[in-house]
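K.L.:
Could you have a look at this structure, given as structure tokens, before my questions?
The values are calculated or read from the model by the stated rules, or taken from the named source; none is laboratory data. Computed from a predicted structure; not experimentally measured. Please note: Cβ atoms are built from the backbone with ideal geometry, for glycine as well, and neighbour counts cover all protein chains shown.
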Amino acid sequence: MIASETETAWYVYGVVPAHVDPVALAGAEGVGAERVELVSNGGVAAIVGRVPLDEFGEEPLRRNLERRDWLEATARAHDRVLAEALGHAPLVPLRFGTVYRSEQGVRDMLDERAAELSEAIERLRGRIELGVKAFLVEAQEDATPPPSSGRDYLLRKQEARAAASSVQAEAFESVRALHERLESLADDARVNPPQPPELSGRREPMLLNGAYLVGAERRPAFAAAVDECRDDRLELVVTGPWPPYNFVEREDPS
Amino acid sequence: MTHPSETTQRFLGRREPSQLPDVLERVLDKGIVIAGDIQVNLLDIELLTIKLRLLIASADKAREMGIDWWENDPFLKRGRNGNELEDRLRRLEQAAGIEQGRDEG
């Protein structure tokens, strides 16, 4: 090793069973463009990368998190490593930014939490997370002649509002039906707050931001169910497969 | 008995490039929380999410002007408005009392 102990930190991506062949991770490049490796203890193994402390130490990390380009690149790398591993092993994803000062620190953590992590791994085995977002598609406005009077204008506005709210109510109903359908195909489901337009990057309101834990073999059935629920009022976007980010935080961290 | 991880692999396929908000939402807000030796604490991450929203909200105008920046450049580009955004963010943070320890130029 060229880097001395004090300059290296261990970034932890997630936890897999200890028997996983490290070759499975060979293709993944980590948050510091490092090669990803496994640190095993107690029947489980952490997917780790050695990263420079001057980038991932407490102060630099705090600073770097303020940099949009750095955050985007590292957040994507974190996800990429886990998505790669997901193809080879059941895994428990860790939240972004879990860093240890030594390999021993990682081993101690595994030792301490082996039972809980093994249990989570077994619960997630063979399962993937799929995201489904539903957007309310705005109806095309008809070309109508200009209002003949102020009263006419107000009436039309009122009608338009009423129509819009009934469209929205119908859409909400469709979304609820969609979610129930998908939930019935999934082992677990979460409804997250819809992303505001500033985040979703779309003007149309997001009506559903769901995450579904699905047996991998059920993915085609899940996709078919989504397709069956498509209508011209709703645009449905399926994302993933994701590592099961939404299905690991069960205990109260406080 | 099937072999679950093989099954997973078979149905995993390739995935489309992910939208950044979907990645950030999961990577920053979900996933199991384990206190490392050097871990940005939860409060920081919440704070970060607020910041992201502010930053992205600030770019809303550009999109309204027909700049489809989200599609072409998945995250906010450092553009000519960079300093303005930073300044605005700093002001908002100070007003909200959520920023500390940043040097004032």
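The rows are residues; the columns are (1) within 29 Å of A:PRO90 (Cα to Cα); (2) surrounded by fewer than 14 Cβ atoms within 10 Å (Cβ to Cβ).
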residue: A:ALA177; (1), (2): no, yes
residue: A:GLU204; (1), (2): no, no
residue: A:GLY210; (1), (2): yes, no
residue: A:ASP232; (1), (2): no, yes
residue: A:GLU249; (1), (2): yes, no
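Every residue, every condition in (1) out of contact with any Leu (no Cβ under 8 Å at 6 or more places or on another chain); (2) over 20 Å from B:GLY36 (Cα atoms), yes or no:
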site	(1), (2)
A:PRO22	no, yes
A:ALA33	yes, yes
A:GLU37	no, no
A:VAL48	no, no
A:GLU55	no, no
A:ARG67	yes, yes
A:ALA73	yes, yes
A:HIS78	yes, no
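K.L.:
Further, regarding this structure: Has the range A:135-148 got any residue that is charged (D, E, K, R), free of Cβ contacts under 8 Å to residues at least 24 places away in the same chain and out of contact with any strand residue (DSSP E or B) (no Cβ under 9 Å at 6 or more places or on another chain)?
P.N.:
yes
K.L.:
Is the range A:221-235 home to any residue that is within 30 Å of A:TYR13 (Cβ to Cβ) and more than 13 Å from every other protein chain (Cβ to nearest Cβ)?
P.N.:
yes
To keep it simple, each residue is scored yes or no on (1) farther than 17 Å from A:VAL44 by Cα; (2) at pLDDT 90 or above; (3) within 13 Å of another protein chain (Cβ to nearest Cβ).
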site	(1), (2), (3)
A:GLU116	no, yes, yes
A:ALA134	yes, yes, no
A:PRO147	yes, no, no
A:ALA169	yes, no, no
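K.L.:
Name every residue in the range A:173-213 that is under 16 Å from the mean Cα position of the chain (by Cα), within 9 Å of chain B (Cβ to nearest Cβ) and in contact (Cβ under 8 Å) with a residue 60 or more places away in the chain, in order of residue number.
P.N.:
A:GLN195, A:SER200, A:ASN209, A:ALA211
K.L.:
Run down A:GLU58, A:GLU72 and say which single residue is surrounded by fewer than 21 Cβ atoms within 10 Å (Cβ to Cβ), of a type in the set (Asp, Glu), more than 20 Å from the chain's Cα centre (by Cα) and at the interface with another protein chain (Cβ under 9 Å from one of its Cβ atoms).
P.N.:
A:GLU58
K.L.:
Could we say that A:ALA171 is surrounded by fewer than 16 Cβ atoms within 10 Å (Cβ to Cβ) and part of a helix (DSSP H, G or I) here?
P.N.:
no
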